[in-house]
Amino acid sequence: MKQLWLILVLSMHSLAFAHCPGPVPCEMKYVDNAFGKTTKTGAELEKAKAMREEGERLFKEGKEDEALKILKEAKKLLLD
């Protein structure tokens with residue numbers, strides 16, 4: 001019975017993360033969602049948009065670590 005429960009929990013956990021092909025695309029989605037929730041305007045909003053674009057560019061260039069760092073900063077800027 002415990003084994004069945006463990007298999008069920010593990011399969012549900014893997015399904016929860018099946019929607020993202022990797023951490024950078026997921027972070028890009030989170031940033032995109034943050035644009036809809038933010039109260040920021042003006043220069044801060046423009047800075048976040050530029051950071052989002054830079055993160056995507058870095059990802060396409062294969063610089064995933066740098067992209068992830070920039071995207072997390074953009075999300076923090078939008079939601080703080």
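The values are calculated or read from the model by the stated rules, or taken from the named source; none is laboratory data. Remember, predicted model here, so these are calculated numbers, not experimental data. Cβ atoms come from the backbone with ideal geometry, glycine included; neighbour counts cover every protein chain shown. For accessibility, only protein heavy atoms count, side chains too; no ligands or nucleic acids. Shrake-Rupley method; radii C 1.70, N 1.55, O 1.52, S 1.80 Å.
Scanning the range 34-80 for residues that are farther than 23 Å from residue 21 by Cβ, open to solvent by 40 Å² or more (accessible area, probe 1.4 Å) and touching a residue at least 40 places away in the same chain (Cβ under 8 Å) returns 37, 79.
Just one residue in the set 64, 44 is in contact with a Gly (Cβ under 9 Å, 6 or more places away or on another chain) and modelled with pLDDT of 90 or more; that residue is 64. If we scan the range 46-53, do we find a residue that is touching a Ser or Thr at 6+ places or on another chain (Cβ under 9 Å) and of a type outside the set (Phe, Trp, Tyr)? Yes, because at least one residue in the range 46-53 is touching a Ser or Thr at 6+ places or on another chain (Cβ under 9 Å) and of a type outside the set (Phe, Trp, Tyr). Would you confirm whether or not the range 17-28 contains a residue that is at pLDDT below 95, in contact with an Asp or Glu (Cβ under 9 Å, 6 or more places away or on another chain), open to solvent by 40 Å² or more (accessible area, probe 1.4 Å) and not acidic (Asp, Glu)? So far as the range 17-28 goes, yes, one or more of its residues are at pLDDT below 95, in contact with an Asp or Glu (Cβ under 9 Å, 6 or more places away or on another chain), open to solvent by 40 Å² or more (accessible area, probe 1.4 Å) and not acidic (Asp, Glu).
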